[in-house]
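Below: one structure, written as structure tokens.
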Amino acid sequence: MARIPLLQLNEISLTFGGDPVFADLSLVVQPGDRLALVGRNGSGKSTLMKVMAGLVEADSGGVVPGPGVSVGYMEQDPDLGGFETLGEFAAHGLEASEMYLVERAGEGLKFDPARPVATASGGERRRAALARLMAGSPDLMLLDEPTNHLDIEAIAWLENELKQSRKGYIIISHDRAFLRALTRATLWVDRGAVRRQEKGFADFETWRDQVWEEEDTQRHKLNRKIKSEARWAVEGISARRKRNQGRVRALQELRAERGAQISRQGTAAMALDAGPKSGRKVVEVTDITKAFGEKSILKPFSLTVQRGDRIAFVGPNGVGKTTLLNMLIGREEPDSGTVKLGTNLEIALFDQARARLDPDMSLWDSLTGDPDMRVSGKADQVMVRGIPKHVVGYLKEFLFDEAQARAPVRALSGGEKARLLLAKIMAKPSNLLVLDEPTNDLDVETLDLIQELLGTYDGTVLLVSHDRDFLDRVAATTIAMEGDGKATVYAGGWTDYIRQRGQDDFAGSVTPSKTSARGEKPKSSQKSGLSFTEKHRLEALPAEIARLEAEIAKLEVLLGDPALFTDHPVKFQKATDALVERHEKLQSAEEEWLLLEEKAGA
């Protein structure tokens, strides 16, 4: 029997500012689809997702959800107006008996439901929006950068939840490891068109490169044909004017075809200049400590950073990774111990909060307002690694167009803000590059370029990131901070750290096991028994299972009437759909009960 689609887009067209975003776009999302939605920054991924969610109206075409299908959307900047606390927002639309779902998501995603909306950070607001979506469990989940502002533990929790879910979902994310683990098909937004491949993100880059190679081959053939026909037109047209007007028209059509082709967006012209060499020892810290009140952030810690090192700092949010990073580069004083910076250091800092960007300044002023970048006496030029360049020309190297030069920074997307900050720090020579969460909001192609640049960079790199794939590609040393004040040094990137740590991943437990500073493998620290919300859920499940069994029995009696199908076909279809849904919920509830019972007895 044919499946009823979760969502259909029929010949969608949409234009912003005179430029078409999509034209005659049609696609179908089927039950159980696990889709990666990929494309360059600015290609329209988030806009397409908002069209699917009904938040943006297309100029033409239609969006048709399946009968009775619920669609949930987690946006990048949720509006929490009208709610006092994050928990009140996350629980909106739920029954009182379902409040445990918000508490459970709060544990996994690490946000406090009691936090007032007025004092919540942007990251806390996004986590509350994600908890609201997960608790509501719609038939189709639309997730726009769900891993931003999540630490690796919370990402692992979310990944595990989505793996176990039977709902359909579409994900926009820069996190390669997250997409590889979860997706089974790929939607690729490219120059106003959407292609679909029935393979997950793991196969996307091979597919993309193949498509581009075929495009280049066809373009090369077209150019050769136009060149050949144009030469014929110049050399032979006078003798055969009447007879060959059709061939001339064909040449004009070939040129029109080439003119109509949309060029691919290039990669940003990023470059890193390591400048003068630093001393052999870049940073040397001895027995440094840090505490905020009674909370110990860092117990006595010693480290020597050598020139050319690639060091990553990992751990849950709030354990002090950025604080340690700031102490290493002299921006923050330790409570005790010594920090010695090497000689001839030129530091370039990419900060997580993008604090170096004033949201009210234009892109132009962001560059020319920096006295270290501006060419003396010329407000339309910036100094780029010792060479003066026009502001607009330099912005174009980072994929901004001329119209954006005078626009305010606040109008930029997350990826565009990241590119602007990269433009600022890459304009100056540096030999110590400090990157605090650099991967947020950047597309795959830009991340590839950054990784290539770091691979050939002669300076030293200190990196904080929750992107496991990026850590594996860049880091040669990993320093793990797990919330107990200890910072433990491991050789290699993320995968190497997990292997040495003695645990496959964080997915098995929200609270990670600890590793001593001497590298000794710890005894198992996984909590036995159930959390408060799990106990509540275990107590509620028997009644839920009994209710589902009773509803199934009633539906089976109703469907047992042979006249129902012929006399009331709509009622028959609704009852059939309801029976399938109840059986799925019953199976899920029974599996959950068994898991909780097993955990309670552990």
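The values are calculated or read from the model by the stated rules, or taken from the named source; none is laboratory data. Predicted model, so just to flag it, every value in this text is computed and none were measured. So basically every Cβ, Gly included, is an ideal-geometry build from the backbone, and we count neighbours across all protein chains shown.
General observations
- The combined condition, being hydroxyl-bearing (Ser, Thr, Tyr), touching an Asp or Glu at 6+ places or on another chain (Cβ under 9 Å) and at pLDDT 80 or above, is not fulfilled by residue 456.
- Residue within the range 74-97 that is assigned to a helix (DSSP H, G or I), within 17 Å of the chain's Cα centre (by Cα) and in the same structural domain as residue 163 (by TED's automatic domain parsing) present: no
- Within the range 152-201, the set of residues being basic (Lys, Arg), under 14 Å from the mean Cα position of the chain (by Cα) and either buried (at least 17 other Cβ atoms within 10 Å of the Cβ) or not in a helix (DSSP H, G or I) (or both) comprises just one member, 176.
- Single match in 96, 58 (criterion: farther than 22 Å from residue 162 by Cβ, surrounded by fewer than 21 Cβ atoms within 10 Å (Cβ to Cβ), among the aliphatic types (A, V, I, L, M) and modelled with pLDDT under 85): 96
- Hey, residue 141 crowded, with 18+ Cβ neighbours inside 10 Å and out of contact with any Cys (no Cβ under 9 Å at 6 or more places or on another chain) or not: yes
- Options 511, 515, 478, 533: the member that is among the polar types (S, T, N, Q) and at pLDDT 90 or above: 478
- Test: residue 125 is part of a helix (DSSP H, G or I), touching a Pro at 6+ places or on another chain (Cβ under 6 Å) and farther than 22 Å from residue 446 by Cβ: yes
- Residue match in the range 80-102 (condition: closer than 27 Å to residue 184 by Cα and in contact (Cβ under 8 Å) with a residue 24 or more places away in the chain): yes
- Selected residue (criterion: modelled with the lowest pLDDT) from residues of the range 202-223 that are surrounded by 12 or more Cβ atoms within 10 Å (Cβ to Cβ) and more than 15 Å from residue 445 (Cβ to Cβ): 222
- Of all residues in the range 579-597, exactly one satisfies the criterion of being touching a residue at least 60 places away in the same chain (Cβ under 8 Å) and among the acidic types (Asp, Glu), namely 584.
- Considering the range 1-21, and only residues there that are among the charged types (D, E, K, R) and modelled with pLDDT under 80, the residue that is surrounded by the fewest Cβ atoms within 10 Å (Cβ to Cβ) turns out to be 19.
- Residue match in the range 110-125 (condition: at pLDDT 90 or above and of a type in the set (Gly, Ala, Ser)): no
- Checking every residue in the range 446-453 against the condition of being closer than 16 Å to residue 367 by Cα, surrounded by 15 or more Cβ atoms within 10 Å (Cβ to Cβ) and out of contact with any strand residue (DSSP E or B) (no Cβ under 8 Å at 6 or more places or on another chain) gives zero matches.
- So residue 51, is it more than 30 Å from residue 575 (Cβ to Cβ), modelled with pLDDT of 90 or more, surrounded by 20 or more Cβ atoms within 10 Å (Cβ to Cβ) and touching a Lys or Arg at 6+ places or on another chain (Cβ under 8 Å): no
- Count of residues meeting criterion [of a type in the set (A, V, I, L, M, F, W, C) and either modelled with pLDDT of 95 or more or under 20 Å from residue 333 (Cβ atoms) (or both)] in the range 268-305: 11
- The C-beta contact set for the range 346-363 (first residue at negative phi, second residue of a type in the set (A, V, I, L, M) and in a loop (DSSP other than H, G, I, E, B), distance under 8 angstrom, 6+ apart or interchain) comprises 347/329; 349/329; 362/405; 362/407; 363/405; 363/407; 363/412.
- Counting only strands (runs of 3 or more DSSP E) wholly contained in the range 331-441, the ones carrying 2 or more residues that are surrounded by fewer than 19 Cβ atoms within 10 Å (Cβ to Cβ) and at pLDDT 90 or above occupy 336-341.
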